[in-house]
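Derivation of every value follows stated rules applied to the coordinates shown; laboratory data play no part. What you see is a predicted model, and the numbers here were worked out from it, not measured in a lab. Here the Cβ is made from the backbone with ideal geometry for all residues, glycine too, and neighbour counts use every protein chain on show.
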Amino acid sequence: MQIEPDLKLALALHNSPGVYALLLGSGLSSAVGIPTGWQVVMDLVRKLAAIQDVELADDAAAEKWYWEKYDAEPDYSDLLDALTSTPEERQQLLRSYFEPTEEEREDGKKMPTRAHRAIARMVRNENVRMILTTNFDRLLEQALQDEGVQPDVISSVDGLNGALPYVHSKIFVVKLHGDYRDPRLLNTEAELSAYPDELDQFLDEVLDRFGLVVCGWSATWDIALRDAILRAPNRRFTTFWLSRGEPSDEARGVIERREAKQIAIEGADGVFTALEEKLESLRDLGGPHPMSIEVAVATVKRYLAEDRHRIRLHDLFMREVEETHAANLALPTVIHNATQRDTYQQRLQEVEGLSKKLVRMSANLAYFDSEGNSKLLARCIERLLQLPIEGGNGDLLRLKEYPALLVMYSAGVSAIVAERYNSLAMLLLQPEFYHRQVQETVRVFQWITSAEILESRLLGDDTFARRHTQYSDYLLSVLDPELGDLIPEESDRVAYFDILEYLLALCSWDLTHSTRDVSWGAFIWRYNRKRENAVDRFMAAGIAQGTHWCLLEAGFFGGDPKRLALAIENLQPMLDEAKSRFR
């Protein structure tokens, strides 16, 4: 069985976290306008020549002029000394090469690339703990800090000698050729031909103990680094060589000696982004399960933040739907050695417990989604209502539909709070299921109601049975703690719950033109003695917008204010009568 090298790399980093070191060359930063060290030196030579009224056409001319003028190879430190008089001037000159101006920042220049950020996430997730780089810039450090990771950065022999052992580091970043703010950069052919003994010893240890992932490094100029890799006696772990185009002759020699796996890439951004996504998928498959509610909610939020996680979000959601569905089907519907009340109470708590995670996930999806994933909610409800025909106690059988009701209400309230009306329309107007009682496919919101599913005489003690809207009140008592993170104020949770139930009542009349099957919520009496209430305020504010009300634009009442007005008009007499009766 053949496995593609990029998949082997992902599996290697996943199965052996922290065992592979990254070797990153200038190819990682050049895409955003960061020059190589030699390019900086050549530009400094041209600046030095310019102040002497000498114009140089290209790098070859610059190098030749410097040799003829100073009888030496261009030196980074000497050039800075010649061009600047103070540390402040030196720093300002260097910033122009490595730090973005405001205009460059807006254009994404000299900023961490997608590759830098993907690598930083790999570090955060402990797939990588050692990075060797020939780059002078600080883009990698910036990306790591943006992910909340503080790297241990070594950019000189002094730093290496004074550092803690790398085994105690979250991430050890070794800048083999130095940092742009330090004049001791390695740039010239002579400087790159041999490293200090301390750095050679360190590399010998790392290359002996770590696997290697090479990207953006040509192996052409860095003689000392190339020699260090070639002399490594052991190959405990695979070397992966990521190259754009054909490797250089020098690189090919290293690849053959290390028996490296070559991976052809179009660019560093693509390969590291794809690699990090593969690692996330492997973590999802191998992560602890069942996932806690808090972790599941955090994962939903993280996946919603980036569209690239759309498939992963779908899989996470539908896996939880299937587990909830399976657990619900497994609950018995026959009463044995207990009273009907005791059995019903037990089953009610069991269904609420097994639905809790999905309820919280659905609420957060409806609240935070920009409406690109709202179909998940409709699919979720429809799947939960795919129930087999079975015998048993009628009250317990109706509880099989309870998870769908909990999801519909939790997501519905959250969507209204966040003004996600397209999601609300997808949630309420789209889901359908085959209703065995009427033997036809019907809209879910019309038949999956608290009054249809719950039995008031069995809801706890007699507290709810004595209430005017016992089903609605009980449902709110169950959902209230699940909505607390999204809607901190209890009064707001009550208000938005009532708004949802009023909209459901209007939609029910709009669908059937009948008040017979309208499920009355607590909104019919909760604000009875008040001159205005949350439902009235919500509706008045929306109706004032006419056809531009987002609720209508989302498809409710066919987008027609007249249909909405007709539903309100026909419900009002029944609503007035109910309010009078429930005083």
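A few points about this structure:
- If only the Cβ of Lys and Arg carry +1 and only the Cβ of Asp and Glu carry -1, the dipole of region 37-106 around its Cα centre is close to 100 debye.
- Helix 37-50 vs. the chain, principal-axis angle (Cα, 0 to 90°, nearest 10): 60 degrees
- Distance in nm between pseudo-label sites at residue 569 and residue 69 (7 Å out along the Cβ direction from Cα): 9.0 nm
- For the listed residue pairs 64/175; 278/301; 110/301; 278/356; 375/562; 170/278, the alpha carbons are over 26 angstrom apart in 64/175; 110/301; 278/356; 375/562.
- Legend: ranking of residues 487, 119, 381, 335 from fewest to most surrounding C-beta atoms inside 10 Å; resulting order 335, 487, 381, 119.
- Order of 449, 101, 239, 441 under a 10 Å beta carbon neighbour criterion, fewest first: 441, 101, 239, 449
- Alpha-carbon centroid distance for the pair region 170-224 / region 37-94, whole angstrom: 24 Å
- The fewest-to-most ranking of 318, 42 by surrounding Cβ atoms within 10 Å reads 318, 42.
- Stretched out straight at 0.36 nm per residue, the stretch from residue 244 to residue 547 would grow longer than its current Cα-Cα span by 103.6 nm.
- Lys, Arg +1 and Asp, Glu -1 on Cβ, resulting dipole of the chain about Cα centre, debye, nearest 20: 2840 debye
- Simple point charges give the picture: +1 on the Cβ of Lys and Arg, -1 on the Cβ of Asp and Glu, and for region 288-581 a dipole about the Cα centre of about 80 debye.
- Calculated mean residue ellipticity, 222 nm, the chain: -17000 deg cm²/dmol, from DSSP H runs (n ≥ 4) at -39500 (n - 2.57) each, averaged per residue and rounded to 500.
- Here each label is just a point 7 Å from Cα along the line to Cβ, and for residue 262 and residue 95 those points are 4.4 nm apart.
- If the convex hull is drawn through the Cα atoms of region 108-248, its volume per residue in Å³: 128 Å³
- Given R0 = 35 Å, the distance between the Cβ atoms of residue 237 and residue 184 translates into a calculated FRET efficiency of 0.65.
- Separation in nanometres of the label points that stand 7 Å from Cα toward Cβ, at residue 147 and residue 576: 6.5 nm
- (1) 26.6, 85; (2) 29.2, 103; (3) 33.3, 105, with the label sought being that of the calculated Rg and Dmax of the Cα atoms in Å: (3)
- Entry for region 37-106 at q = 0.14, 0.19, 0.21, 0.22 Å⁻¹: log10 I(q)/I(0) = -0.45, -0.78, -0.91, -0.97, Debye formula applied to identical alpha-carbon scatterers, no solvent contribution.
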